[in-house]
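One structure is given here, and the rest of the page talks about it.
Values in this text are rule-based calculations from the coordinates and carry no lab data. These figures come from a predicted structure and were not determined experimentally. Note that each Cβ is placed from the backbone with ideal geometry, even for glycine, and that neighbours are counted across all protein chains shown.
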């Protein structure tokens with residue numbers, strides 16, 4: 001089953017990580033992607049900071065910055081293909097960045113059968 005995994009963090013807390021610790025952690029992230037290459041169907045992308053976002057709201061209103069009022073921001077995403085949600089959770093639990101405060105990974109199933117939406 002395919003899932004999108006969205007890597008979130010809290011920028012204010014990320015800024016408190018020393019450059020040395022950040023570099024070591026990114027090395028472990030690189031290794032994580034290599035170790036899980038068989039499960040990752042689309043490497044996705046790391047996103048630029050939330051303050052570079054533009055949001056289009058209902059009614060066509062364009063706003064600089066993210067729409068979300070949340071403190072966490074999505075920093076990147078990947079698509080994985082694993083047996084089920086339990087396998088997805090097991091894989092995500094090994095994400096190196098989870099050791100940082102304010103970091104999480106959201107897992108969402110991807111719709112592959114649109115017949116459920118037919119009327």
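Considering the chain as a Gaussian network with a 10 Å cut-off on Cα pairs, which listed residue, 42, 86, 14, attains the greatest mean-square fluctuation? Comparing 42, 86, 14 in a Gaussian network model of the chain, the most mobile one is 86. Given the choices (i) -0.45, -1.34; (ii) -0.58, -1.26; (iii) -0.39, -1.28, log10 I(q)/I(0) by the Debye sum over Cα atoms at q = 0.11, 0.23 Å⁻¹ derived from the coordinates of this structure is entry (i). A crude spin-label estimate for the pair residue 32 and residue 53, with each label 7 Å from Cα along the Cβ direction, gives 2.0 nm.
The stretch 27-63 and the stretch 77-100 have Cα centres spaced 15 Å apart. Its DSSP H runs of at least 4 residues, each contributing -39,500 (n - 2.57), put the calculated 222 nm mean residue ellipticity of the chain at -7500 deg cm²/dmol, to the nearest 500.
Rank 49, 96, 19 by mean-square fluctuation in a GNM of the chain with C-alpha springs under 10 angstrom and give only the top-ranked residue. Highest fluctuation of the listed residues: 19. Computed on the chain, with alpha-carbon pairs under 8 angstrom and 6+ residues apart, the relative contact order is 47 percent.
Here the Gaussian network model covers the chain, with springs between Cα atoms less than 10 Å apart; of 38, 21, 87, 21 fluctuates the most.
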